[in-house]
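Read through the structure below, which is laid out as structure tokens, and then see the notes.
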């Protein structure tokens, strides 16, 4: 090899090295560096968990699934953003105006200690994903699940949950539990229906006649998974601006959601 | 030889006073010497210039010097020089012979004999007989105390202690009405109270000897340095600790014969090993200081043993370890955490403290503009009205954390209360970085800016939600707050590898006296991350970030770094915050002496000195000791109560000091617990080498002399030069000293030889 080629290679290596060094020095570690609303840096990020669905195209987080959309993205992003508007008005939480989608296929989820998942009767995990979600919860992360109804959905939800936390019992939350008293005292809980209530008049879906507020706790009794079964808070947030959707349900959904967030940020 | 040249023994010159017996004034002598020297200088200059113009200057001055010295000597002799010295009158004085019979005198390092045998042999070999020719003698033995004996034959090295100072003081007192002319001390000097750098002889003992002008002549026995030994010199450890804390200790040691070898430091609770660390021994005789962290374990009064594992061939294994009493308390210390907005830092600090049974974290979090969410409260009314505005409410907390809260959230009254909380009450305040913290929260312009350990930067945009990495400073390497791993090198490396912070806030430059324990790197800048300082009676600190929660979420599951750091930091914050009753004593370890003074500072609920309390100590100890002792108020210091007590038996003692209101005995002001320990005979195992420095210093400061045990021939004669007892002053004329004649002959001879050599005759 001629000396000029060696020199050329050395210069190229040096340029690459300096470039890499500069990137590391100026790297944004995933926070983004432009001024768009989605890149606003904040304390709290409304984090919606995208998961593999056993009823969608397996192996992808794409939005198209069994009925034309992926299960995790139900009500996305309107429900998220309307909730964030309420959160900004009613609390001192410094939250980003837009939602953040997080997945279980990388460690980025650990930057978001509060996550929200819907239609969890459809979720499924690889062993690595289940392990990551388990570690996330045991380290101090908080998961709120919503929008699944009836006996069959519950069983499907628990199939996934047992992969994550195999031996943790699920308990029914009582009115006196701290999670209903962090910001608002939510004593008279009702079943919060989805938007289908507007045209069916029913508060339930499938055989989920009774609202179930449930939870899974860690070893110290702190709630790490808050479960809204037989309800659809996401729809209540999403359709809160619909004059046909009852304000009572929407208000209750906001109160419960805010209580859950404050709980997740304090326990 | 000295006496051959100078006619008299050396004490005549060292202890006597020089005088001129001639009647002519001294100034005339000096004037004549000056005139003669000046005249000779002129003569030398004039004569030698003509006789030897090439003679170098220094040679001319040498000749002048020899001539001038001769003239000065002759003039001095004309004024009749003499020494006046005090001498003990023959057979009218007593020489006190004091022989050490402590256990260390049984060490056989004096030519194969024990030190005691060598001492007796020296006495019997002529010293005692020589003394008896001129004086009466009294023989004493001493160890822990002093006792007169008929003769030295019955002395055996069995005493468990060596108290030289106390024994000499007692000797001076007991013989106050006797004509004692001097003291002869035969000892290895292994005084038990001799610590690092101290002589071990108390000032009161020295003063008692000086008052009587009693010279102490000392004879040293034993090797000055052992051949093969490792000795623990001192152990520094806090006498109180919180349950399950990691406690730092500093162990000082010396070695002889093992330089560069490996040794193992250990901490044991009874037979249970609770910590160990391998060290490399420092060069011969040098004091080596090593730090060691150990888990103090569950609550209770403990006696921990700190030491070194025995090395092969050690001469003395009894000086490898020492014990220290430690009181481990699981009493909860309350910390008030004020947070201005929901944020992850708050959650994860609370979670870390939930694992610490010694801290109760009471928090108030502003969730919305007009709502405060309280956690950790003892009853529903606690903090119901918001931030405490009365001293008796706020001062009940041992520490305060102020999170992302703007300065003007606190009223001027509350700000003044916070200042008094640190300055007067002695509490600790920790400020956290955040969106509304430090400079961004307007703290730079507040009345509390002087509480902060840094000069806050200008502006209010110093908080950034950008990553920052951290690194220990040299101070941080040594701090128990930042100790995540026992090994200092691995600990520093652990900090470097901690995942990045979620955010940071520029805290500005540290103030003089503040200590930066951790630095952070962000955007190419280096800033303090953890800064501490003392302020008044308390302490303040800054953690310049709200994003340490990533250490919990992004490190491996089970990694203790986040929780350990916060637990250690908050324990530091409250560790020295006093309660309403603070008990203390000068020393927790009583060596061969059970006298102890128990003191208690008592304050009311506003932490003002309480001068009218009823204070008592309930003491329990070995052998069924169970007694109540009342503490009496100090006449000088309001709120201070004291009592003297004696621990008669060796063993561990526990004293609970309780203060009640004088007006209502059912109203307890508070209580505090002390542990202390009496050890008999243990100190004698340490510092067993001959403490020649102590013996020399004792002799020097009393006008005596240190004698080697192999050269005692002149001792009976030299000991007679003393001003104590019955003495007479004698005058020794100096004109006929052989050295004078030698000079009178030698100086002209030297001059003549020099002239001859340099060719100027």
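A short reminder: the numbers here are calculations on the coordinates, not readings from a lab. Since the model is a prediction, treat every value here as computed from it, not as a measurement. A quick note on method: Cβ atoms are made from the backbone with ideal geometry, for glycine too, and the neighbour counts reach across all protein chains shown.
List of remarks:
- Against the main long axis of the alpha-carbon atoms of chain A, helix A:3-26 sits at an angle near 30°.
- For segment B:26-122: span of alpha carbons on each principal axis (Å, largest first): 77, 38, 16
- Estimated translational diffusion coefficient (Stokes-Einstein, Kirkwood radius over Cα pairs, 37 °C, 0.692 mPa s) of segment A:203-267: 251 µm² per second.
- Fraction of antiparallel bridges per DSSP, the protein assembly as shown only, in percent to nearest 5: 70 percent
- Legend: calculated FRET efficiency, residue B:174 to residue B:227, from the Cβ-Cβ distance at R0 = 51 Å, rounded to 0.05, equals 0.85.
- Hull shadow area, averaged, segment B:333-575 [alpha-carbon convex hull, nm²]: 12.3 nm²
- Each label point was placed 7 Å from the Cα along the Cα-to-Cβ direction; for residue B:121 and residue A:214 their separation is 9.3 nm.
- DSSP beta bridge pairing in segment B:581-680, given as percent antiparallel to the nearest 5: 95 percent
- Legend: P(r) of segment B:624-761 from all alpha carbon pair distances, 10 Å bins from 0, whole percents, reading 7, 16, 14, 14, 15, 12, 7, 7, 6, 2, 0.
- Within chain B, helix-based [θ] at 222 nm, where runs of 4 or more DSSP H residues each add -39,500 (n - 2.57), nearest 500: -7500 deg cm²/dmol
- Between helix B:561-575 and chain B: long-axis angle, C-alpha atoms, 0 to 90°, nearest 10: 70 degrees
- Percentage of interatomic Cα-Cα distances in segment B:177-277 larger than 19 Å: 65 percent
- Between the Cα long axis of helix B:692-702 and the first principal axis of chain B there is an angle of about 70°, rounded to the nearest 10.
- Put in line by how crowded their Cβ is, counting other Cβ atoms within 10 Å and starting with the fewest, B:712, B:745, B:75 read B:745, B:75, B:712.
- Contact order for chain B, expressed relative to its length and based on alpha carbon pairs under 8 Å spaced 6+ residues apart, stands at 16 percent.
- Placing pseudo-labels 7 Å out from each Cα toward the beta carbon at residue B:158 and residue A:200 gives an inter-label distance of 10.1 nm.
- Kirkwood radius, segment B:229-329, all distinct C-alpha pairs, inverse of mean reciprocal distance: 13.8 Å.
- Largest first and in whole Å, the equivalent-ellipsoid semi-axes of segment B:245-392 read 49, 16, 12, each the square root of five times a Cα gyration tensor eigenvalue.
- Cα gyration tensor shape of segment B:445-584, rounded if a/c is under 1.5, else prolate or oblate by comparing a/b with b/c: oblate
- A quarter of the convex hull surface defined by the alpha-carbon atoms of segment B:581-680 gives 6.1 nm² as the mean projection.
- R0 of 41 Å, Cβ-Cβ distance residue A:108-residue B:461: FRET efficiency to nearest 0.05: 0.90
- Projected over every direction and averaged, the convex hull enclosing the alpha-carbon atoms of chain A yields 18.5 nm².
- Sorted from greatest to least, the principal axis extents spanned by the alpha carbons of chain B come out as 109, 78, 57 Å.
- DSSP bridge orientation in chain B - percent antiparallel, rounded to nearest 5: 70 percent
- In Å, descending, principal axis extents of the Cα set of segment B:297-372: 73, 23, 14
- Here the spin labels are modelled as points 7 Å beyond Cα on the Cα-Cβ line, and at residue B:250 and residue A:177 they lie 5.3 nm apart.
- Value of [θ]222 nm, deg cm²/dmol, for chain A, DSSP H segments ≥ 4, -39500 (n - 2.57) each, nearest 500: -11000 deg cm²/dmol
- Remark: A:52, B:461, A:181 ranked as B:461, A:181, A:52, counting other beta-carbon atoms within 10 Å and listing the fewest first.
- Our compactness index for the protein assembly as shown, the C-alpha radius of gyration over the empirical 2.2 N^0.38 Å, is 1.38.
- Span from the segment B:13-50 Cα centroid across to the segment A:167-234 one, whole angstrom: 114 Å
- Segment B:671-720: proportion of alpha-carbon pairs further apart than 15 angstrom, %: 67 percent
- Gain upon complete extension [residue B:49, residue B:526; 0.36 nm per residue less C-alpha separation]: 164.2 nm
- Listed peptides A:224-233, B:83-92, B:437-446 by packing density, highest first (mean Cβ within 10 Å): A:224-233, B:437-446, B:83-92
- Computed from the C-beta positions of residue B:19 and residue B:392 and an R0 of 56 Å, the FRET efficiency is 0.15 to the nearest 0.05.
- Centroid-to-centroid separation of segment B:282-302 and segment B:698-751 [C-alpha atoms, Å]: 51 Å
- Values of log10 I(q)/I(0), in the order q = 0.16, 0.19, 0.21, 0.22 Å⁻¹, for segment B:385-471 under a Debye, Cα-only, solvent-free model: -0.65, -0.87, -1.03, -1.10
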